[in-house]
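The values are calculated or read from the model by the stated rules, or taken from the named source; none is laboratory data. Quick caveat, the model's predicted, so the values are computed rather than measured. With ideal geometry, Cβ positions are generated from the backbone for all residues, glycine too; neighbour counts draw on all protein chains shown.
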Amino acid sequence: RPAPPRARAISLVRALLAPPPLPSEPRPGSRASPGALAPPQRLTPILPCAPQNAIATAGKGILAMDESNGTCGKRLDSIGVENTEANRREYRELLLSTPGLGEYIGGAILFEETLYQSGSDGATFVDTLNKQGIIPGIKVDKGLVPMSNSNGESWCQGLDGLSERCAEYYKQGARFAKWRSVVNIAAGPSDKALFDCAYGLARYAAICQENGLVPIVEPEILLDGEHDIDTTLEIASKTWAQVFKCLADQDVMFEGILLKPSMVTPGADSGTKLAPEVIADYTLKMLNRRVPPAVPGIMFLSGGQSEMESTLNLNAMNQTPNPWHVSFSYARALQNSVLKTWQGLEENKKAAQDALMVRAKANSAAQLGKYDASGESAEAAQGMYEKGYTY
Ligand code: 13P
């Protein structure tokens, strides 16, 4: 009987990546001398088709559309559309089937429900994405819950059964994954919350790689708070140091991950707004100090910034070469004007898809450091920050 597809894929990758035996190692098939230690297990394989590199390609970023049913409901509610499975499917179909989207978008993060849905043409959403040259990804965390004995901090659930779920998602066509944990500057952050965030991300990343999925590592540092940008720099530096320590301890292969950081900005309630050049300077300083160049891509979240702000900041970060691909993985900053244009009406579908293309193209230009904000609408400049936002 042939081996199941996942086992076949893993052994293929192992064979491709296996280094030639060192002279001191016993040759394959030879008998180990009695009492010799078993050879160390190879570290986690990375996929030969390397989705992380296909996504981290010039002018491309990620469309994050992995809102849980509750959060998607809030979005639909804002335009008077009922939160039903049919309406979520219709909205997601509008996004995924936007003609030409693959020119600017290399990957789309889906919620589990969307990974298993099909569009009105009968094609699965996975096939629709693949046809556009967009790699399907999947949110695998199970959301945030309050952390005991903390100052209102939270921890991220979802490690139980994760390996089995990843294997199923891979079979369904997902090739990368996302896990979002948060760090709340306004609430401390406490050392235990920071450590839990980093450790959870590292365990998740190792499990994903073992199952052939490229993990996006996302410790979101929330915008909430009155702090200045130097405080954010300090906490972000501490968070990423902890995250990389845990990733290394779990033998996660850095070449096979993508990062999803928050930009380094002042707190949303600080009353300070800084120029994109300043935000870019702080953010890149932090990343250069903490992120090894082996990591292929940095895909920022928008975190409540306006569509234009997040594009301008990304553009500022791409004015000089970086050791990694510096790009976007926005949800709110790609979808806001789409939703407002759509209003749940079939006759607005084309205009809504055009709105998505405007944002995707603008962020693609920003990835190349060539964005020009002169033609932007007033809508795009409107902020989307919400205190205590949950995803
Ligand atoms: P935002 O760009 O709305 O902050 O979304 C972030 C996110 O984690 C989605 O995957």
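Rundown of residues vs (1) modelled with pLDDT of 85 or more; (2) buried (at least 20 other Cβ atoms within 10 Å of the Cβ); (3) within 23 Å of Gly133 (Cβ to Cβ), yes/no style:
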site: Pro26; (1), (2), (3): no, no, no
site: Ser33; (1), (2), (3): no, no, no
site: Ala36; (1), (2), (3): no, no, no
site: Ser97; (1), (2), (3): yes, no, yes
site: Thr114; (1), (2), (3): yes, yes, yes
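Residues to consider are Tyr282, Tyr371; find the one that is assigned to a loop (DSSP other than H, G, I, E, B) and of a type in the set (Phe, Trp, Tyr).
Tyr371
Just to verify a result, which residue in region 72-95, among those that are touching a residue at least 60 places away in the same chain (Cβ under 8 Å) and over 21 Å from Pro136 (Cα atoms), is surrounded by the most Cβ atoms within 10 Å (Cβ to Cβ)?
Within region 72-95, the match that is surrounded by the most Cβ atoms within 10 Å (Cβ to Cβ) is Leu76.
Looking at region 267-279, I want the residues that are at negative phi and have a partner that is among the β-branched types (Val, Ile, Thr) with Cβ atoms under 6 Å, at least 6 apart or on another chain. Which pairs are those?
Pairs found: Ile279/Thr265.
State which residue pairs qualify: first residue among the polar types (S, T, N, Q) and inside region 339-360, second residue surrounded by 14 or more Cβ atoms within 10 Å (Cβ to Cβ) and assigned to a loop (DSSP other than H, G, I, E, B) in any location, beta carbons under 9 Å apart, and separation of 6 or more residues or different chains.
Gln343/Ile79; Gln343/Val81; Gln353/Ser97; Gln353/Thr98
Identify all residues within region 321-330 that are in contact (Cβ under 8 Å) with a residue 12 or more places away in the chain and surrounded by fewer than 21 Cβ atoms within 10 Å (Cβ to Cβ); write none if there are none.
Within region 321-330, the first condition is being in contact (Cβ under 8 Å) with a residue 12 or more places away in the chain, and the residues that meet it are 322-330.
Within region 321-330, Asn322, Pro323, Trp324 qualify.
Out of the residues in region 102-112 that are surrounded by fewer than 21 Cβ atoms within 10 Å (Cβ to Cβ) and away from the ligand (no atom under 14 Å from the Cβ), state the one that is farthest from the chain's Cα centre (by Cα).
Filtering region 102-112 for residues surrounded by fewer than 21 Cβ atoms within 10 Å (Cβ to Cβ) gives 102-103, 111-112.
Checking the rest, the ones that are also away from the ligand (no atom under 14 Å from the Cβ) come to 102-103.
Values: Gly102: 17, Glu103: 19 Å.
Applying the filter and picking the extreme gives Glu103.
Quick one: count up the residues across region 304-320 that are crowded, with 23+ Cβ neighbours inside 10 Å and in a loop (DSSP other than H, G, I, E, B).
1
Could you tell me whether any residue of region 322-337 is over 20 Å from Thr239 (Cβ atoms) and over 19 Å from the mean Cα position of the chain (by Cα)?
yes
Taking the residues in region 128-163 that are of a type in the set (Gly, Ala, Ser) and exposed (fewer than 15 other Cβ atoms within 10 Å of the Cβ) as candidates, determine which candidate is farthest from the ligand (Cβ to nearest atom).
Going through the qualifying residues, I end up with Ser148.
Between a first residue in region 166-187 that is on the phi > 0 side of the Ramachandran plot and a second residue that is within 16 Å of the ligand (Cβ to nearest atom) and part of a strand (DSSP E or B), which pairs have beta carbons less than 8 Å apart while being 6 or more apart in sequence or on different chains?
Gly173/Pro136
Here's the yes/no breakdown for (1) in contact with a Lys or Arg (Cβ under 9 Å, 6 or more places away or on another chain); (2) free of Cβ contacts under 8 Å to residues at least 12 places away in the same chain:
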| residue | (1), (2) |
| --- | --- |
| Ala294 | no, no |
| Gly297 | no, no |
| Glu307 | yes, no |
| Asp372 | no, yes |
